[in-house]
1. Which order results if ARG62, ARG163 are arranged by neighbouring Cβ count within 10 Å, fewest first?
2. I want to verify a result. In a Gaussian network model of the chain, Cα cutoff 10 Å, which of these has the top mean-square fluctuation: ALA227, ALA35, ALA140?
3. Express in whole angstrom the spacing between the alpha-carbon centres of segment 175-211 and segment 37-52.
4. What are the ³J(HN,Hα) values, in whole Hz, obtained from phi via the Karplus relation 6.51 cos²θ - 1.76 cosθ + 1.60 with θ = phi - 60°, for each residue of segment 157-174 in sequence order, with x given for Gly and Pro?
5. Explain nothing, just compute: Karplus ³J(HN,Hα) = 6.51 cos²θ - 1.76 cosθ + 1.60, θ = phi - 60°, for every residue of segment 110-120 in order, whole Hz, x for Gly and Pro.
6. How would you rank SER194, SER79, going from fewest to most other Cβ atoms within 10 Å of each one's own Cβ?
7. Quick check for me: using +1 on Lys/Arg Cβ and -1 on Asp/Glu Cβ, what's the dipole size of the chain about its Cα centre, in debye to the nearest 20?
8. As a check on your grasp of the helix formula, calculate [θ] at 222 nm for the chain: sum -39500 (n - 2.57) over DSSP H runs of n ≥ 4, divide by the residue count, round to the nearest 500.
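We did not get these values from a lab; they are worked out from the coordinates using the rules stated. Not measured: the values here are computed from a predicted model. Neighbour counts are summed over all protein chains in view; Cβ atoms, including those assigned to glycine, are modelled from backbone coordinates with ideal geometry.
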Amino acid sequence: MEIKRALQNFGLKESEIRIYLASLELGESLMSDIANAAHITRSSCYDAIKTLAALGLINTFRMGARKLYKAECPEKLLSILQDRESQLRLVMPQLKGRWRVHDKKPILYMHEGREGFRAILNDILERQHPLCAITSIDSAEEVLGEDLKNFIERRHVKHLRVRLLTNQTPRSIELKRKDSTESRQTKFLPGNPSFTTANFIYGDRVATVSLMAKNPFGLIIDDPDIAQTQRIQFETVWDHSSF
């Protein structure tokens, strides 16, 4: 994942990203030097530094009559995320206590384009349920590209295991060789079928991503009964597939 997108996902604005990156490279610097390196106005630099300082990502100190700024170590970003997660976990029981399910109808979430694909993959990672997947690796890599690669890396970091059913191709055989290092178990489907979708089952959710490049879309169905039915079908096919 590129640095800019990662920092955007963290919650930083464009000007804040440019200031933070410039400050990392410059070390102890005057605000004017940081603004010049980031190619933004001094007033915008001041606002960005104020926000970054509040987050603890930039420190301010004086050397004589000069006011200098220095970026914190990048690992501070991870520390902030851990603090945020800890705070949310503390209030999660209270939040769940306020949540009411008003009916038992399946909930459908529609997503379009590459941002939609990322939203679905992020949902899978955030919920951290054991994952079942059925797709063509060749088609999925062609359509999802770097997003799929990033998903596999992040899934492995989270120790989120997946069982994958796919057709047998040179690319899927190569992927299977990495199963032990990517928290995955792969089986090849009988009959070597072709796919136009990537399908995921996790928790009470079922997600489908279109692999038709002309009109890309994805959807998530949130319903325990549908998820359980899909899981039963997956297990049946899994038992009749080969390693």
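1. Taking fewest neighbouring Cβ atoms as first place, the list is ARG62, ARG163.
2. Per the Cα network of the chain with a 10 Å cutoff, ALA35 tops the list.
3. 45
4. Once θ is set to phi - 60°, the couplings for segment 157-174 become 4, 7, 6, 8, 7, 9, 9, 10, 9, 8, 7, 8, 9, x, 5, 5, 5, 5 Hz.
5. For segment 110-120, the Karplus-derived couplings read 9, 9, 10, x, 5, 5, x, 4, 5, 4, 5 Hz, x marking Gly and Pro.
6. In order of increasing Cβ crowding within 10 Å: SER194, SER79.
7. Computed charge dipole of the chain: roughly 540 debye.
8. Taking each H run of at least 4 residues, the total per residue is -16000 deg cm²/dmol.
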